Amino acid sequence: MDAAESTPAIPSPPLRPGARAHHRFWPKRLPYAITVPAVSLWENLANSARRYPDKPALVFFGRIVTYRELVRQAERLAGHLHAMGVGRGDRVLLNLQNCPQLVIAHFAILRANAVVVPINPMNRAEELKHYITDPDAKVAITSADLAAELAAASDALGAEDRLAHLVVTHFTDAFDAGVTGDEAPPLAWRDWLTTRHPAPSLLGGQVHAWVDLVQADGPSAPAHVVGANDMALLPYTSGTTGLPKGCMHPHASLMHNAVASALWGNSTSENVTLAVVPMFHVTGMVSMLHSNIYCGATLLVMPRWDRDLAGRLISKWRVTHWTNIPTMVIDLMASPNYAAYDLSSLVYIGGGGAAMPQAVAQRLLEQFGLRYCEGYGLTETAAPSHSNPYDAPKQQCLGIPFMGTDARVIDPETLAEMPAGQPGEIVTCGPGVFLGYWKRPDATAAAFITLEGKRFFRSGDIGYVDADGYFFMTDRLKRMINASGFKVWPAEVEALMFRHPGIQEACIIATQDSYRGESVKAVVVLRAAYRGQVTEADLIAWCRENMSVYKVPRQVQFVEALPKSGSGKVMWRTLQEAEAAKR
């Protein structure tokens, strides 16, 4: 059964004015566009706390944080941030895995009128330097297991660039280390979660214990003066060249996609959501965190993926909504304990980052009546720019343009819109699209085009639109590897690998992976003195020490020389095509 055949026949209602082909499948209950609340994201939490003060907002290994307590701790932390000198528009680093502290800190930064700079906690010191210097950050919040790495990055910088304050929390600040039963952490996580790491020193700065800042009243939080048009978030995204770039998102772009995601997913205050996709990434942050806080829902927080913990939590808490990446669903279904888990409470399941295998989607439909809803979006679009309508999803499909969004497929050279079925570059215009790249007017100018008087963002992804207006991806203009939903930019990995003294040249390409979709492969030329001395295992181990684990090459191929063009540029596409030919 192909994707088109698996979509049920649905009566086509009359199209409303201004409709496009995909609006024939638009959820009848929803408008094509919404009016965005003209307030800051902090107001969503404040409103939910007034409405549902005693309702569980967060659940972490059995410990509940109510909405009242969530606001109280965020207010206290905001006061301390203000006392540290954090003012309106200042950037504050947030380097945490999923945990209540991430949520509290995220909203405390917004409450202090500042800007959240989320960092992938897998980054190492060499990578972290850029996240300190580029946003001119002076304050960072992190967990004890990551603090030494962040301190080392700061200490290696010049005095004017270093952090002035580092706030450090332990996971056990938010749960009882002795918890047992269905909500207990997996045994393999015990050391990671419960070890009490000594506080690092911070050259020229101060280190603060989290509990000292949130458990008792301290300095008052400043007046909350930011609004919809102030910057709220500066997430970083890499590209084909250079260092990662910050994407400037105001409160309004995140607010739109949070509210729209809630409407799209039939969300209410009675949602019980499994919060396992990373909240340092825009999908987890916007479509999961902000969307559920806006509703006054409950988030069951998992710091990492573990299939059996997920199965137990879904069963015990009667989880209703689960945003994920397809590999999580595949892994849960492969658990020997799968039959013992009760997934019958789920009313919504969906995600993105990789295509959901048709057989798995069919199994969800047959066993639970669940239609897996895939979506698509980028850091620049605050996650969803496309999503499948729940009543009429197509499998292995990006979906239709999201609420308020105009998306096209164009010829990347002529910018002419392509007819149905013909591939071209996906471009997007809508309220979720970012303002531009931080300190990079050149990159901003290159990322946007004007069509019919509207400003469209160029995704760099190649796809097509079918006759129904659904979008499908076929290729990428940009050089990027998608490993289980994590974007790996070869130029960034190559730049890090060149720091190894034995590497003369390196080229990063994608290799197929039956589980992750794609994995990273390094094609390497060693310096003469290191040939025969450095092994594949040596290089992989070195990479693990110097870069995020998802960027680490799973394979290393040693060659005498890399193919180059007449101008001396490495012909990476030649290597990529040779790798693809091995399938």
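Computed quantities for the displayed model
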{"read-out": "Failed item in (1) in contact with a strand residue (DSSP E or B) (Cβ under 7 Å, 6 or more places away or on another chain); (2) aliphatic (A, V, I, L, M); (3) over 26 Å from residue 304 (Cβ atoms), with residue 38 passing the rest", "value": "(1)"}
{"read-out": "Count - residues of segment 294-344 that are within 29 Å of residue 43 (Cβ to Cβ), out of contact with any Phe, Trp or Tyr (no Cβ under 7 Å at 6 or more places or on another chain) and among the small types (Gly, Ala, Ser)", "value": "1"}
{"read-out": "All positions within segment 200-227 that are surrounded by fewer than 19 Cβ atoms within 10 Å (Cβ to Cβ), within 29 Å of the chain's Cα centre (by Cα) and over 19 Å from residue 138 (Cβ atoms)", "value": "211, 224, 225, 227"}
{"read-out": "Residue satisfying condition, being of a type in the set (Gly, Ala, Ser) and assigned to a strand (DSSP E or B), within set 359, 407, 392", "value": "407"}
{"read-out": "Those helices (runs of 4 or more DSSP H) lying entirely in segment 276-340 with at least 1 residues aromatic (Phe, Trp, Tyr), within 22 Å of residue 64 (Cβ to Cβ) and out of contact with any His (no Cβ under 6 Å at 6 or more places or on another chain)", "value": "291-295, 307-317"}
{"read-out": "Hey, residue 22 of a type outside the set (A, V, I, L, M), crowded, with 20+ Cβ neighbours inside 10 Å and at pLDDT below 95 or not", "value": "yes"}
{"read-out": "Every pair of residues 6+ apart whose Cβ atoms lie under 7 Å, when the first sits in segment 60-71 and is over 24 Å from residue 181 (Cβ atoms) and modelled with pLDDT of 95 or more while the second is among the aromatic types (Phe, Trp, Tyr) and surrounded by 15 or more Cβ atoms within 10 Å (Cβ to Cβ)", "value": "67/52"}
{"read-out": "Residue within segment 160-174 that is assigned to a loop (DSSP other than H, G, I, E, B), over 19 Å from residue 129 (Cβ atoms) and within 25 Å of the chain's Cα centre (by Cα) present", "value": "yes"}
{"read-out": "Hey, residue 226 over 19 Å from residue 166 (Cα atoms), touching a strand residue (DSSP E or B) at 6+ places or on another chain (Cβ under 8 Å) and of a type in the set (A, V, I, L, M) or not", "value": "yes"}
{"read-out": "Residue 445 being more than 23 Å from the chain's Cα centre (by Cα), at pLDDT 95 or above and within 27 Å of residue 120 (Cα to Cα)", "value": "yes"}
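Okay, residues lined up against (1) surrounded by 22 or more Cβ atoms within 10 Å (Cβ to Cβ); (2) at pLDDT below 90:
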| site | (1), (2) |
| --- | --- |
| 324 | yes, no |
| 339 | no, no |
| 354 | no, yes |
| 367 | no, yes |
| 381 | yes, no |
| 391 | no, yes |
| 410 | no, no |
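This table checks each residue for (1) of a type in the set (Lys, Arg); (2) surrounded by 17 or more Cβ atoms within 10 Å (Cβ to Cβ); (3) in a loop (DSSP other than H, G, I, E, B); (4) within 26 Å of the chain's Cα centre (by Cα).
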site: 457; (1), (2), (3), (4): no, yes, no, yes
site: 467; (1), (2), (3), (4): no, no, yes, no
site: 487; (1), (2), (3), (4): yes, yes, no, yes
site: 523; (1), (2), (3), (4): no, yes, no, no
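A quick yes/no check of all residues on (1) of a type in the set (Phe, Trp, Tyr); (2) over 30 Å from residue 356 (Cα atoms); (3) not in a strand (DSSP E or B):
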{"residue": "491", "(1), (2), (3)": "no, no, yes"}
{"residue": "496", "(1), (2), (3)": "no, yes, yes"}
{"residue": "512", "(1), (2), (3)": "no, no, no"}
{"residue": "519", "(1), (2), (3)": "no, no, no"}
{"residue": "534", "(1), (2), (3)": "no, yes, yes"}
{"residue": "538", "(1), (2), (3)": "no, yes, yes"}
{"residue": "544", "(1), (2), (3)": "no, no, yes"}
{"residue": "562", "(1), (2), (3)": "no, yes, yes"}
{"residue": "578", "(1), (2), (3)": "no, no, yes"}
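The values are calculated or read from the model by the stated rules, or taken from the named source; none is laboratory data. Small disclaimer: the values here were computed from a predicted structure and weren't measured. For neighbour counting, all protein chains shown are included, and Cβ atoms are generated from backbone atoms with ideal geometry for every residue, glycine included.
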